[in-house]
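Working notes, beginning with the structure itself.
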Amino acid sequence: MNKIYKVLFVSVLFLLVSCGKEFTTDEIKTINGYWEIEKAQMPDGEEKEYSISESIDYFEINDKGEGFRQKVLPQINGEYLTNEVQEKVTVANEGGKTWLKYKTEYSEWKEEVVDLDEDELVVKNENDIIYHYKRPVPFTLK
């Protein structure tokens, strides 16, 4: 009987993990703004913490689910520097999941939106690496 419970538990756990979530247009608008990487979880469970990030991701997505992501560099005065390179982003709900589809002149890829609220963004890339982002805290001199 123990073996049946183990198989049932593993099956239910697999279903919960494999099921995604589709985010609404209003929920996706939450992604707009600045995001700083906090940690990455590798497929084997190993975690990489990012205590200091040199660059921050800036997202701007419109009501049609189209926009861009851009890397910016925070400055001591609170402003951001950028090289003006933008990755085109399209939001798509497919298969019960929400995807951020990126496109540049050189490449195309996508990430699944795992979780999103005002303070946290979690995405999983095509290599099953899960990235956790948080809103950056502005740098101040004290």
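The values are calculated or read from the model by the stated rules, or taken from the named source; none is laboratory data. This is a predicted model, so every value here is computed, not measured. All Cβ positions, even for glycine, are placed from backbone atoms using ideal geometry, and neighbour counts span all protein chains on display. For accessibility, only protein heavy atoms count, side chains too; no ligands or nucleic acids. Shrake-Rupley method; radii C 1.70, N 1.55, O 1.52, S 1.80 Å.
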Notebook entry, point to check: Quick one: net charge of Glu66's neighbours, Cβ under 14 Å, K/R +1, D/E -1?
Noted result: +3
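Please report the antiparallel percentage of DSSP beta bridges with both residues in region 34-142, rounded to the nearest 5.
Details: 47 of 47 bridges.
Expressed as a percentage, antiparallel bridges in region 34-142 total about 100.
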Checklist line | Cβ-placed point charges (K, R +1; D, E -1), dipole of region 25-126 about Cα centre in debye, nearest 20 | finding: 400
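Excluding Asp115 itself, what net charge comes from residues whose Cβ is under 11 Å from its Cβ, given Lys and Arg +1 and Asp and Glu -1?
Spelling it out: positives minus negatives among the neighbours equals -3.
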Item checked: Sites Thr104 and Glu54 - FRET efficiency at Förster radius 25 Å, r taken between beta-carbons, to 0.05 -> 0.80
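Give me the net charge for the shell around Tyr50: Cβ to Cβ below 13 angstrom, other residues only, Lys and Arg +1, Asp and Glu -1.
-3
Please give the per residue accessible area of region 24-77, computed with a probe of 1.4 Å over protein heavy atoms only, in Å².
Accessible area per residue, region 24-77: 62 Å².
Quick check: at a probe of 1.4 Å, how many percent of the accessible area of region 53-141 sits on carbon and sulfur atoms? Present the calculation step by step, with values, prior to reporting the outcome.
On the way: 2640 of 5560 Å².
Answer for region 53-141: carbon and sulfur cover 47 percent of the accessible area.
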